[in-house]
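Just below is one structure, and these are the notes that go with it.
The values are calculated or read from the model by the stated rules, or taken from the named source; none is laboratory data. Just so it is clear, the model here is predicted, and its values are computed rather than measured. A quick note on method: Cβ atoms are made from the backbone with ideal geometry, for glycine too, and the neighbour counts reach across all protein chains shown. Remember, those area values only see protein heavy atoms, side chains included, never the ligands or the DNA or RNA. Shrake-Rupley method; radii C 1.70, N 1.55, O 1.52, S 1.80 Å.
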Amino acid sequence: PEAYLNGGLTGAAGSYTPDPAGFGKAPRFPAPRLLQYLVGEGTLRRDQGAIDQGVSVLRAMAAGGIYDQVGGGFHRYSVDAKWQVPHFEKMLYNQGSLAESYFEVGRMTSDAGLYSIGRATLEAMLRQFRLEDGSFAGSWDADSGGVEGSYYVWTPEQVEELLGEERAALLCTVLGITSPGNFEGGEESVPRRATTLEGAAKSLGIEMEVAETWFSEGIDKMEQHRSHRVAPKRDPKVVLGWNALAI
């Protein structure tokens, strides 16, 4: 057992990159059990390096496009090494297992930010995956009406039309919505946390209390507006193991 545990730490350390935080090359898949293991074993051994690896990857995913910054929840994997552009399919097993990782690592490190992502992931799972009988659907497709990602991406003009110039400037700065965008060489962007709300507010000369209100209201309006787009198809198949992870 000791050799196995040591091998896990050594193997992770050998494939880890700090910037961007993750393991191996693109495409990058979430590895919730590995992240929990690194932080848990690192805590037992007082190995700060292992703890930092697990925490940094959880933070990087939560700030990236693999996390749905507008509607919540995680996409299946990232096509790039920076977690910015996902393969847009959403799987039930990702929601349940990743939420557990954010809660468990948040508990072990007393990190309220990780708890927050765990809660938001489960809230999104309830909205997006729960069926009428209380069970959970298996997945959401990657494409919408035959176009991959169209449900999730934005241009600055779309955000400005929805929110107005001042509020759009704040949302676009925080979420990295730019022209040209970061999606397939076009004008559209996958939202991500490109900077902090505090940093964006300061650069735009907006009081922090106002910025918090504008950002919260802006996300709500973006999610509501997005709900009128052609949505990906949800697969209502109920997979017992995935439902167990969710529950």
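Compared with the dominant principal axis of the Cα atoms in the chain, helix 92-109 is inclined by about 70°. Here the label points at Asp19 and Asp47, each 7 Å from Cα along the C-beta direction, are separated by 2.5 nm in the simple model.
Okay, which of region 123-144 sit inside 12 Å, backbone N to the point 7 Å along the Cα-Cβ direction of Ser227? Answer for region 123-144: 127-128.
Heavy-atom accessible area for Val230, with the other protein chains in place and a 1.4 Å probe, reaches approximately 100 Å².
Against the set [x] 1.08; [y] 0.98; [z] 1.00, the structure's computed Rg/Rh (Cα atoms, Kirkwood Rh) falls on [y].
Build a GNM of the chain with springs between Cα atoms under 10 Å apart, and of Leu175, Leu38, Leu197 the one that fluctuates most is Leu197.
For the chain, the longest principal axis of the Cα atoms and the long axis of helix 2-15 meet at an angle of about 40 degrees.
Ligands, DNA and RNA excluded, the heavy atoms of Arg107 present near 130 Å² of accessible surface to a 1.4 Å solvent probe.
With the contact rule set at Cα under 8 Å and sequence spacing of 6 or more, what percent relative contact order holds for the chain?
Relative contact order comes out at 18 percent.
With Cβ to Cβ distances under 14 Å as the rule, what net charge do the other residues near Lys82 carry (K, R +1; D, E -1)? Every neighbour counted, the sum reads +3. Rolling a 1.4 Å probe across the protein heavy atoms gives the chain an accessible surface of 49 Å² per residue. In terms of its C-alpha gyration tensor, region 103-201 has an oblate overall shape, because the principal axis ratio a/c (a ≥ b ≥ c, square roots of the eigenvalues) is not below 1.5 and a/b does not outweigh b/c.
Give, in nm to one decimal, the length gained when the segment between Glu165 and Arg130 is fully stretched (0.36 nm per residue of separation minus the Cα-Cα distance). Could the numbers behind the result be given before it?
Numbers: separation 35, 0.36 × 35 = 12.60 nm, distance 3.62 nm.
Full extension from Glu165 to Arg130 adds 9.0 nm.
Annotation: amide H-H contacts under 5 Å for Tyr77 (H modelled 1.01 Å from N, sequence separation of 5 or more, or interchain): His87. Taking a straight line from the alpha carbon of Lys237, these aspartates and glutamates sit under 13 Å away, with near neighbours fewer than eight places off in the same chain left out: Glu132, Asp133, Asp141. Charged side chains reduced to their Cβ positions (Lys and Arg at +1, Asp and Glu at -1) give the chain a dipole of some 780 debye around its Cα centre.
Report the net charge of residues surrounding Glu209, where surrounding means a beta-carbon distance below 14 angstrom and charges are Lys +1, Arg +1, Asp -1, Glu -1. Numbers along the way, then the final one.
Values: positive: Lys202; negative: Glu198, Glu207, Glu212, Glu217.
Here the count lands on -3.
Longer than 32 Å from Cα to Cα, which of Lys82/Lys233; Lys25/Lys90; Lys202/Lys233 are they? Say none if no pair is. Cα-Cα > 32 Å for Lys202/Lys233; rest within.
Sort Trp83, Trp140 by heavy-atom solvent-accessible area, probe 1.4 angstrom, most to least.
Numbers: Trp83 5, Trp140 50 Å².
Result, largest first: Trp140, Trp83.
Dividing the summed helix terms, -39500 (n - 2.57) for each DSSP H run of n ≥ 4, by the number of residues in the chain produces a 222 nm estimate of -17000 deg cm²/dmol to the nearest 500.
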